[in-house]
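The values are calculated or read from the model by the stated rules, or taken from the named source; none is laboratory data. None of these values were measured; they are calculated from a predicted model. So basically every Cβ, Gly included, is an ideal-geometry build from the backbone, and we count neighbours across all protein chains shown.
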Amino acid sequence: MVVVTPRVQVPSSVTPGKTFQVKALIAHKMETGLRRDNEGNIIPRDIVNKFICRYNGVNVFTTDLHEAVSANPYFEFYLRATESGPLEFVWYEDGGKLYSLAHQLVVDS
Amino acid sequence: MRWKQRPFLLSVDRLYCGEKNPAPQHTRRALLLTSAAGLATAALVPQAIAGEEHLASEHADDTVELIERLTGKTPVASDRLRIIMPRTFPNGYTVPLDIEVESPMTQSDHVRYVRVVAPRNPLIEVVTFHFVPERSLPRVSTRIRLAEPQFVVAFAELNDGTLLTAKTWVEVATNGCA
């Protein structure tokens, strides 16, 4: 069984109102549902279909993923913050399972 | 002799429309050899260029039609939306994709979402990014799978409902969807 591990990279502190880069990666095989195993049976689809980043409890960046996103989906995106607060990252897998990660964002005052 | 040029242009047409096994070797070299074999280069080259322009416009129509089918709205080709991908990439499993939209991201002027489709993949949907004004910038990098050389199409919806579109040709050497 492959262990699914999410990882994020956020700057240790950010300037209020300035944009900063966030990198989010989850080790996931992203099985497309198009491949067949050695017996010719279709390997069922198993992908991460949604990724959400929340800041202070509000969605600030949402992604809908489809089969054509590479294995180990990786996103690099840019956010802007004015005050310190929790950043939450949630990945939704097919079948309702979810993986999440929390990070305390520090904004210089 | 003039008539002999026609099938050549037609087969280029088929090649660019992404047929599975295109007729081989419609390269610059083949073109030059053909012209050396009796055709005046000056007469042939403008025609070939005209042919390419014709192909480009044909593809634009395809893209517009596809986006209309997906969203019900007519998109506008725009250079505010930039889609940055390598022109050729050795494998189709992890093709880098960078998306950027020029937008101030204020409450009154922002990007709602950017959607990416790969029309020649077995499943054309790739990914959709949703942005929030004041909080996120419409700039993302990720990696996608491509089944064959094709135009990757992106379109962005602004808060006033305008659809911007852009596309880029990406050549992959191996199928990333098998």
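Taken over segment B:87-130, the criterion of being part of a strand (DSSP E or B) and within 7 Å of chain A (Cβ to nearest Cβ) is satisfied by B:E125, B:V126, B:V127, B:T128, B:F129, B:H130. Right, A:S84: of a type in the set (S, T, Y) and away from every other protein chain (no Cβ under 12 Å) or not? So A:S84 passes the test.
The set of residues in segment B:80-110 being free of Cβ contacts under 8 Å to residues at least 60 places away in the same chain and within 16 Å of A:F75 (Cβ to Cβ) consists of B:P96, B:L97, B:D98, B:I99, B:E100. Residues being in contact with a Lys or Arg (Cβ under 7 Å, 6 or more places away or on another chain) and closer than 19 Å to A:F51 by Cα are represented in segment B:83-94 by at least one member.
Residues in segment A:58-77 that are within 7 Å of chain B (Cβ to nearest Cβ), among the β-branched types (V, I, T) and over 9 Å from B:T142 (Cβ atoms): A:V60, A:T62. Within segment A:27-47, the set of residues being among the aliphatic types (A, V, I, L, M) and either at pLDDT 95 or above or part of a loop (DSSP other than H, G, I, E, B) (or both) comprises A:A27, A:M30, A:L34, A:I43, A:I47.
For segment B:131-141, a residue qualifies if it is more than 24 Å from the chain's Cα centre (by Cα) and more than 8 Å from every other protein chain (Cβ to nearest Cβ), and exactly one does: B:P133. Within segment B:145-168, is there a residue that is facing another protein chain (nearest Cβ under 8 Å) and either under 15 Å from the mean Cα position of the chain (by Cα) or surrounded by 18 or more Cβ atoms within 10 Å (Cβ to Cβ) (or both)? Checking segment B:145-168: at least one residue is facing another protein chain (nearest Cβ under 8 Å) and either under 15 Å from the mean Cα position of the chain (by Cα) or surrounded by 18 or more Cβ atoms within 10 Å (Cβ to Cβ) (or both). Filtering A:I26, A:I43, A:I52 for residues that are hydrophobic (A, V, I, L, M, F, W, C) and more than 21 Å from B:C177 (Cβ to Cβ) leaves a single hit, A:I52. Taken over segment A:40-68, the criterion of being of a type outside the set (S, T, N, Q) and under 13 Å from the mean Cα position of the chain (by Cα) is satisfied by A:I47, A:V48, A:K50, A:F51, A:I52, A:C53, A:R54, A:V60, A:F61, A:D64, A:L65. When the criteria are applied in full, A:M1 meets the requirement of being at pLDDT below 90 and not β-branched (V, I, T). Given the criteria in contact (Cβ under 8 Å) with a residue 60 or more places away in the chain, among the hydrophobic types (A, V, I, L, M, F, W, C), touching a strand residue (DSSP E or B) at 6+ places or on another chain (Cβ under 9 Å) and over 23 Å from B:L123 (Cβ atoms), does A:V4 qualify? In short, no.
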